[in-house]
Amino acid sequence: MALDIFHEIVQTIDTELDVWLHFLSSNDPLIIGKIIEACPAFRKIYREISEFQRKPEELIGMYNEALAKLDKNTVDYMIERQQKEIERLKEESEQYKEELEQLRKQLSLVE
């Protein structure tokens with residue numbers, strides 16, 4: 001929505017920010033030409049995008065790889081959290097055992 005407003009207001013491509021905003025929000029060939037003219041490095045990006053449009057299976061493969069990585073990272077994170085929780089519970093259990101032992105000693109002194 002904000003990029004739509006950007007297009008209504010801004011008509012120039014003078015700064016790097018303008019280039020990026022136009023790049024992210026426009027598929028107009030005239031604007032694409034202006035972007036490439038203002039920043040020739042974007043030509044390679046547009047070529048790659050064009051290739052993905054012709055061969056979407058490559059993009060789908062990249063997407064699947066990214067999802068697999070995210071899944072693995074999520075599993076690793078969950079395992080790490082569980083290990084920390086186990087450690088915390090072990091420490092807590094040790095504290096309770098120590099307290100119980102002290103209470104037993106106090107009870108034996110009272111009897």
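Here are some notes:
- Per the listing 58, 80, the residue uniquely open to solvent by 80 Å² or more (accessible area, probe 1.4 Å) and touching a helix residue (DSSP H, G or I) at 6+ places or on another chain (Cβ under 8 Å) is 58.
- Of all residues in the range 9-39, those being open to solvent by less than 50 Å² (accessible area, probe 1.4 Å) and either hydrophobic (A, V, I, L, M, F, W, C) or at pLDDT below 85 (or both) number 14.
- Failed condition for residue 98, given (1) surrounded by 10 or more Cβ atoms within 10 Å (Cβ to Cβ); (2) outside any helix (DSSP H, G or I): (2)
- Hits in the range 15-55 (condition: in contact (Cβ under 8 Å) with a residue 12 or more places away in the chain and outside any helix (DSSP H, G or I)): 26, 39
- Meets criteria (in contact with a Phe, Trp or Tyr (Cβ under 7 Å, 6 or more places away or on another chain), assigned to a helix (DSSP H, G or I) and open to solvent by less than 70 Å² (accessible area, probe 1.4 Å)) for residue 6: no
The values are calculated or read from the model by the stated rules, or taken from the named source; none is laboratory data. What you see is a predicted model; the values in this text were computed from it and never measured. Glycine also receives a Cβ, built like all others from the backbone with ideal geometry; neighbour counts cover every protein chain displayed. Accessible surface areas use protein heavy atoms only, side chains included; no ligands, DNA or RNA. Shrake-Rupley method; radii C 1.70, N 1.55, O 1.52, S 1.80 Å.
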